1. Return yes when residue 68 is more than 30 Å from residue 186 (Cα to Cα) and either crowded, with 16+ Cβ neighbours inside 10 Å or touching a residue at least 12 places away in the same chain (Cβ under 8 Å) (or both) and no when it is not.
2. Is it the case, given these coordinates, that residue 122 is in contact with a strand residue (DSSP E or B) (Cβ under 6 Å, 6 or more places away or on another chain) and farther than 24 Å from residue 220 by Cα?
3. With surrounded by 14 or more Cβ atoms within 10 Å (Cβ to Cβ), assigned to a helix (DSSP H, G or I) and either within 14 Å of the ligand (Cβ to nearest atom) or modelled with pLDDT under 95 (or both) as the only criterion, which of 409, 415 stands out?
4. Which of the residues that make up the range 204-234 are under 17 Å from residue 383 (Cα atoms) and in a loop (DSSP other than H, G, I, E, B)?
5. Out of 217, 245, report the one residue that is away from the ligand (no atom under 16 Å from the Cβ), in contact (Cβ under 8 Å) with a residue 24 or more places away in the chain and not assigned by TED's automatic domain parsing to the domain that holds residue 86.
6. With the checklist (1) under 20 Å from residue 197 (Cα atoms); (2) at pLDDT below 95 in hand, flag the one item residue 389 doesn't pass.
7. Only one of (1) within 22 Å of the chain's Cα centre (by Cα); (2) within 16 Å of the ligand (Cβ to nearest atom); (3) outside the structural domain of residue 406 (by TED's automatic domain parsing) is not met by residue 239, so which one is it?
Ligand SMILES: [Zn+2]
């Protein structure tokens, strides 16, 4: 076709609000145009690039024995009820009633649909393993978007699902899919890093993420330049520095109405690492108090994994009122009511911390674990940060900002168990399948290539 007939010509200037360089290039080059908040139209040139990316992904998926399918964007809500994800995903899931008054959801991911499909199609061990992939539109009900084509609200995603006879078969397949995604990013010429990441609402046991380093990226990766260890801050492990010393007597001091840790730190003239911080969360089994040193944040992912809970939300004011806790003054020292308390190892290994007192306007100085407060639940629940030491080699860890390109989850048998999913084994018994999943936001690949 002649350029004069091309729909969507190049322009010299991008619109003012297009602050992401990658998107500004796509706009100026005539690849895409905005339609609304987080919504974009692809122009003919953009469609050509997307088709090329799809071709590369399809080739890599087929190389692993993958077969292409397409599950519908709209799913019956009862499938999501069955997997407990109606509750787990809450408001981020778009729900509506169809003309027959049946509850439906706009599927942001397709584990439920694909498990249902496989359940009705395959019954014998001879049918496995299988590996299915699709390209499907997803819509995320996000309040904020990032002003470019990365993390848009509507986007097309490549997702792939594998089903195996045994856990060991899943384990053997996992690295093959990992390598396939590495080849996809290499072939698209997108610079990438990989990091262990959180499982989040996907459930399962392990997750890895493909990211690209970007100073504007909202994801933080903790990395060791010496040995190459890389993980998202939510799941990273590290040696944390502690300040142990001789125990001093407990003292109660007035702090007035100061609530933020930074203000308390200034008022008491103590650095954040000498303060304890309490957060209270609500989860299916009730309320749980998490105590970390104030120079750390609570990693919800680590806390969720420790408790074995599928979701965790900040407790509401009503929930706190019910057991007599006051925001800003919640403390593991003499806690009112029945509440599980999980304490980070830094709190146990640091002496003489300043910590709230459950008494409005007062803090304790020199609070010590084992003497002034106690719990059976001591574990690592803090979000690792730059300056902590690498668990493998002892070097100082760094933090970098990055953008998410894709994910790989090892889901074990979470969804297949929920769907009461069994098949005939070689010996005539029945077994529940384990399975892995991969997902890659490939519109993001367009923005990065
Ligand atoms: Zn290291």
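1. no
2. no
3. Unique residue meeting the criteria: 415.
4. Within the range 204-234, 218, 224, 229, 233, 234 qualify.
5. Of 217, 245, the one residue that is away from the ligand (no atom under 16 Å from the Cβ), in contact (Cβ under 8 Å) with a residue 24 or more places away in the chain and not assigned by TED's automatic domain parsing to the domain that holds residue 86 is 245.
6. (2)
7. Residue 239 satisfies every listed condition except (1).
For (1) within 16 Å of the ligand (Cβ to nearest atom); (2) touching a helix residue (DSSP H, G or I) at 6+ places or on another chain (Cβ under 6 Å), each residue gets a yes or a no:
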position: 180; (1), (2): no, yes
position: 184; (1), (2): no, yes
position: 211; (1), (2): no, no
position: 227; (1), (2): yes, no
position: 271; (1), (2): no, no
position: 289; (1), (2): no, no
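The values are calculated or read from the model by the stated rules, or taken from the named source; none is laboratory data. Since the structure is predicted, the reported quantities are computational estimates derived from the model, not experimental observations. Don't worry about glycine lacking a Cβ; one is built from the backbone with ideal geometry, like all the others, and counts go over all protein chains shown.
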